[in-house]
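Visitor: Okay, here's the structure, questions in a sec.
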Amino acid sequence: MTFKNKSFLLGISFTAFAHLLTAQTYCLKYDMSKQGNYIDVKISMVATRMPFHLGASNLQFKYSKAALTNPIILHNTLTNNRLYENITLTQPHPPTFAKTNHGLISYNFEYKGVITQGLSIEASEKGTEIAVIRFDIKDATLIPNFQTYDNGSKGTIVYNDDTHNPLLIQPTPNCPNYNAFNSEKEPTLKGYPNLMQVSNAHFTLEVPDFENEHRQTYQIRTILGKQVLSGKTAAQMEINVSHLVAGTYFVKVGSEQLKFVIQ
């Protein structure tokens, strides 16, 4: 038994839907990096209670069409498993996106194997990589606003690999920030929280070497490099970033930088 298209996924009756709910939950982990004139988004999935095996699913993300364009699958993990088929990247147009600059991508795949043969989604911070999506940068002065799109049955849908009695795996709210800046050396610069709500976003920045370095300039930039805020450092300071829109940002002091996310 395989899922031939998303309409099948969405056509499950309400009774079956209630039956499919499970205690298993997940977070979608994504990490954005600028590569020349492109933005590469590595998508991974993290099981937040217990590991599970991935079945037919649609993973959806919204973004700014004014900033990014031409999404493609750069590479994916699922092609290494012959049990996944019809792996596609589509661009649905929800009615709520009409007359806005919001774009939507949906990474879709079907599963034709049996239970326990699907890709294992690990319950660890690293998680399991699913794919890398590449965008052309359309306007580097704008903010990509890339974020997961969870909108009930009309957004991201994740099933386990039991094709006879598929379990609908639920996203967990307030996923940890898996987008921390990766560096070969441990930075002395510290900032928290790394994940904030747009309605009440205040970022605390600590500069441990402040006594030696004295006041320096800090810069907050978007993932595309646009500076949106700057100022002078203190040993510990709270920066109000509630006026910034949802997205991924870097705070930079000297040669060090940290990544944080507003959602």
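The values are calculated or read from the model by the stated rules, or taken from the named source; none is laboratory data. Computed from a predicted structure; not experimentally measured. Cβ atoms come from the backbone with ideal geometry, glycine included; neighbour counts cover every protein chain shown. Side chains are part of the model used for accessible areas, which takes the heavy atoms of the whole protein and leaves out ligands, DNA and RNA. Shrake-Rupley method; radii C 1.70, N 1.55, O 1.52, S 1.80 Å.
Visitor: Label points 7 Å out from Cα along the Cβ direction at LYS190 and VAL228: separation in nm?
Guide: Going by the 7 Å Cα→Cβ label model, 2.5 nm.
Visitor: Right, next: Could you sort out which of LYS34/LYS190; LYS112/LYS138; LYS34/LYS112 sit more than 31 Å apart by Cα distance in this structure?
Guide: Result: LYS112/LYS138; LYS34/LYS112 exceed 31 Å.
Visitor: Could you work out the percent of alpha carbon pairs in the stretch 33-78 separated by over 11 Å, rounded to a whole number?
Guide: Summing the P(r) tail past 11 Å for the stretch 33-78 gives 80 percent.
Visitor: Okay, moving on. If packing is taken as the mean number of other Cβ atoms within 10 Å per residue, what is the order of 102-108, 116-122, 77-83, highest first?
Guide: Working: 102-108: 20.7, 116-122: 18.0, 77-83: 14.1.
So the order, starting with the most tightly packed, is 102-108, 116-122, 77-83.
Visitor: First compute the accessible area of the stretch 49-172 with a 1.4 Å probe, then give the percent of it belonging to carbon and sulfur atoms.
Guide: 49
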